[in-house]
Amino acid sequence: MIHHYGCVEVNRGAVQPGMLVKHKDATWTASANARGKLFLHRGVERTYTKELLVVVYLDGRGNGLSH
């Protein structure tokens with residue numbers, strides 16, 4: 001369980017490695033943003049998304065929540 005202060009939808013290009021992202025009703029960690037894809041992982045699962053807008057969890061200061 002993560003403690004966050006809300007979520008915001010941002011452009012895929014603004015997501016940095018390590019940020020926590022909501023994808024398919026689960027929490028994923030962004031690992032790379034290359035070749036028009038945002039690569040995500042959680043544990044041993046790996047996937048990517050080509051969606052233009054992604055949901056990022058926010059910390060207490062309104063920045064993207066990171067691991």
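Observations on the structure shown:
- Taking only protein heavy atoms and a 1.4 Å probe, the accessible area of the chain is 51% carbon and sulfur.
- Per residue, the convex hull volume that the Cα atoms of the chain enclose (Å³): 81 Å³
- Positive-end residue of 17, 5, 58, charge dipole of the chain with Cβ unit charges: 17
- Normalising the average separation of contacting C-alpha pairs (under 8 angstrom, six or more residues apart) by the number of residues puts the relative contact order of the chain at 40 percent.
- Choice from 55, 15, 44 with maximal GNM fluctuation in the chain (Cα, 10 Å cutoff): 44
- DSSP-assigned coil residues among trypsin sites (Lys or Arg not before Pro) in the chain, each with at most 12 further Cβ atoms within 10 Å: 24, 35, 50, 61
- Loop-located GluC sites (Glu not before Pro) in the chain (DSSP state other than H, G, I, E, B) with a sparse environment of at most 14 neighbouring Cβ atoms within 10 Å: 51.
- Accessible surface area normalised per residue over the chain is 68 Å², counting heavy atoms of protein chains with a 1.4 Å rolling probe.
- Magnitude of the charge dipole for the chain, about its Cα centre and with charges confined to Cβ atoms of Lys, Arg (+1) and Asp, Glu (-1), is about 240 debye.
The values are calculated or read from the model by the stated rules, or taken from the named source; none is laboratory data. Keep in mind that this is a model prediction, so the values were computed, not measured. Backbone-built Cβ (ideal geometry, glycine too); neighbour counts: all protein chains shown. Note: accessible area is taken over every heavy atom of the protein model, side chains too, but ligands, DNA and RNA are not part of it. Shrake-Rupley method; radii C 1.70, N 1.55, O 1.52, S 1.80 Å.
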